[in-house]
1. Just for segment 312-349: of the residues that are among the small types (Gly, Ala, Ser) and surrounded by 22 or more Cβ atoms within 10 Å (Cβ to Cβ), which one is nearest to the chain's Cα centre (by Cα)?
2. Would you mind telling me which numbered condition in (1) under 27 Å from Glu326 (Cα atoms); (2) surrounded by 21 or more Cβ atoms within 10 Å (Cβ to Cβ) Gly259 fails?
3. Determine if segment 250-261 includes at least one residue that is within 23 Å of the chain's Cα centre (by Cα) and part of a loop (DSSP other than H, G, I, E, B).
4. Which condition from (1) part of a strand (DSSP E or B); (2) loosely packed, with under 14 Cβ neighbours inside 10 Å is the one that Gly285 breaks?
5. Just to verify a result, which residue in segment 358-372, among those that are touching a helix residue (DSSP H, G or I) at 6+ places or on another chain (Cβ under 8 Å) and part of a loop (DSSP other than H, G, I, E, B), is surrounded by the most Cβ atoms within 10 Å (Cβ to Cβ)?
6. Go through segment 186-202 and count every residue that is closer than 15 Å to Ser215 by Cβ and in a loop (DSSP other than H, G, I, E, B).
7. Please go through segment 158-169 and give me each residue that is farther than 21 Å from Lys139 by Cβ and either touching a strand residue (DSSP E or B) at 6+ places or on another chain (Cβ under 6 Å) or not assigned by TED's automatic domain parsing to the domain that holds Asn262 (or both), ordered by number.
Amino acid sequence: MKQKSSISRQVASLISLIVISTMICTGQNTFNAQLKNASNYEPVASAFIRLSDKKKTFTAYSTENGSVYIENIPAGHYLASITHVGHKTLVDSCMVYVNSQNAPEKIFFLLPDMAFLDAAVITTVRAKNTTPSTFTNIKKEEIEMMDQSKDFPFLLNMTPSTVISSDAGNGVGYTGIRVRGIDPTRVNITVNGIPINDAESQGMYWVNMPDLASSTESVQIQRGVGTSTNGAASFGASVNIRTNELPKESSTQTSFGVGSFNTQRFSLLHNTGRLKNNWAFQLRGSLIQSDGYIDRASSDLKSANLVAAKYWDKSVFKTNILIGSERTYQAWWGIPQPVYKGDIAGENRYINQLYIGGTDLQNLQESNSKTYNYYTYENEVDRYTQNHYQFFFDHAFSSFLKLNTAAYLTTGKGYFEQFKAQETLSDYG
C-alpha cells in the first residue's frame, strides 16, 4: 500500500510539473506587430486588432508608434482582423510561436481609405431611402451622357415635375428651372452643402457658373420640402450638387464640341492623383460660346475650377474654388404671343397698346416671328464675374463620430449695359 501511495504521489508531482511548465511556456508567448500606412509607411496608432482561432479571441489597440503587443497568448495559427478609421479593414493570417517574445515583429500595411471623408461634405443635405421626401439621384455616368454643353438646368430636364427655360433658346446663357410650378427663388441650390442662391433675391443665376456639369460628381433633386440647410425657402425643391471626387491616379481629359447656332465648347481637366505628401489637385478650364437661337442672343462664357486636398489618417482639408465669367446679350424680353403665333390683328393691338414706333416697330415687323428680340443695341449685355471659395475640414473621431466643418466666400463684380433712346444720363442720377 505504501508503495502504491508513493507511486501516486510521484505521478501527481510529475503531472503538476508538466502543467506548471506548460503554463510557464504559455505565459512567455507574446504577439508583436507593427502597423504602418501603406502609402507613406508612417505608424498607424489606435487601430483595433483582433486575433482569433477556433477557441479564443484576443484584442488590442496599437500604440502611438503603431506597435501591437498581446501577451500570454497560446502558440498557434490565428486570423488577424485590423480596423482603423481612415484605412481599409485588413484581414490576414499569422502565427504565434512558443517563446516568441524575442521573435521579429510582423508588419501589417494598411491601405488608406479616405472616400468616406470626401463624401462626408454633403451627407448632411442628402436624402436617403428612409427620408420622408421625394427625390431623384443623378450619377456621374448619367451626367456625362446628358451633358451637351448646355447650362446645368438641362441636366434636370427629365426629372419629374421639372420645367426649364432658356432666354437665348438653345440652353446657353440665361436659363432657369421651376419644380412643381414653384419659381426659382423657392428652389434652394447647394454645391457641396454650400448655398448658391443669391443672398439678396434668392434667385439662382446659372449663367454665372458656366460648365458646372463638368465638375459635378452627382446631383440629388428633392421635390417639395427636403433636407436643405439654408433656410425655409426650399418648399419648392432642393438641388444638391456634389463636385468631382479626387482620384488616386493622375489623368487628363479634354472635351470639344460643336453644335447648332455656332455653339462651341472646349474643356480641359487634369488630376494630379494622390501625391507622395498626401496632397491631391484638380484643375478644370472651360470655354463656351454661342450665337443663340434668338436674334443677337450671344453668349461668351468662361469658367475654371480648382480643387486642392490634403489627407491625413483621420482628417482631410479640402479647398474648392469655382470661377465664372460671362458676357451675355440680353434676350429676356421674350416674344409677344400674337407675334409668335402670326396673329396679325393681335399684333396690331399689341403695337397700339404699347405705342411701339420708330426703330422698335421696324425691328418687330422685320424680324423672324420665332426669333424676335426686343433689344437691338449692340452692347445690350450683362458682364459679370462670380467666384465661389469653399473650404472644408473633416475629421473622423471614430466610425460613428465625424466632424464636418465648412466655410465659404462668394464674390461678384459686373454690370449691365443698356441703351435708352431719347433719354438723358441725368435722369438716372
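1. We begin by selecting, within segment 312-349, every residue among the small types (Gly, Ala, Ser); these are 315, 324-325, 331, 334, 342, 345-346.
Checking the rest, the ones that are also surrounded by 22 or more Cβ atoms within 10 Å (Cβ to Cβ) come to 324, 331.
Numbers: Gly324: 18, Ala331: 33 Å.
The residue in question is Gly324.
2. All conditions pass for Gly259, except number (2).
3. Step one: filter segment 250-261 for residues within 23 Å of the chain's Cα centre (by Cα), giving 250-255.
Filter once more, keeping what is part of a loop (DSSP other than H, G, I, E, B): 250.
Scanning segment 250-261 turns up at least one residue that is within 23 Å of the chain's Cα centre (by Cα) and part of a loop (DSSP other than H, G, I, E, B).
4. The failed condition is (2).
5. Step one: list which residues in segment 358-372 are touching a helix residue (DSSP H, G or I) at 6+ places or on another chain (Cβ under 8 Å), which gives 361, 364, 369-370, 372.
From what is left, the residues that are part of a loop (DSSP other than H, G, I, E, B) are 369-370, 372.
Working: Ser369: 16, Lys370: 13, Tyr372: 20.
The extreme case among them is Tyr372.
6. Going residue by residue through segment 186-202, those that are closer than 15 Å to Ser215 by Cβ are 189-192, 194, 196.
Checking which are in a loop (DSSP other than H, G, I, E, B) leaves us with 192, 196.
So the answer is 2.
7. Here is the first cut: in segment 158-169, the residues farther than 21 Å from Lys139 by Cβ are 163, 165-169.
Val163, Ser165, Ser166, listed by residue number.
Let's see how each residue does on (1) over 26 Å from Asn244 (Cα atoms); (2) outside any loop (DSSP other than H, G, I, E, B); (3) in contact with a Gly (Cβ under 9 Å, 6 or more places away or on another chain):
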{"residue": "Asn387", "(1), (2), (3)": "no, yes, yes"}
{"residue": "His395", "(1), (2), (3)": "no, yes, no"}
{"residue": "Leu403", "(1), (2), (3)": "no, yes, no"}
{"residue": "Ala407", "(1), (2), (3)": "no, yes, no"}
{"residue": "Gly412", "(1), (2), (3)": "no, yes, no"}
{"residue": "Phe419", "(1), (2), (3)": "yes, no, no"}
{"residue": "Gln422", "(1), (2), (3)": "yes, no, no"}
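The values are calculated or read from the model by the stated rules, or taken from the named source; none is laboratory data. On a predicted model such as this, the values are computed, not experimentally measured, just so you know. A quick note on method: Cβ atoms are made from the backbone with ideal geometry, for glycine too, and the neighbour counts reach across all protein chains shown.
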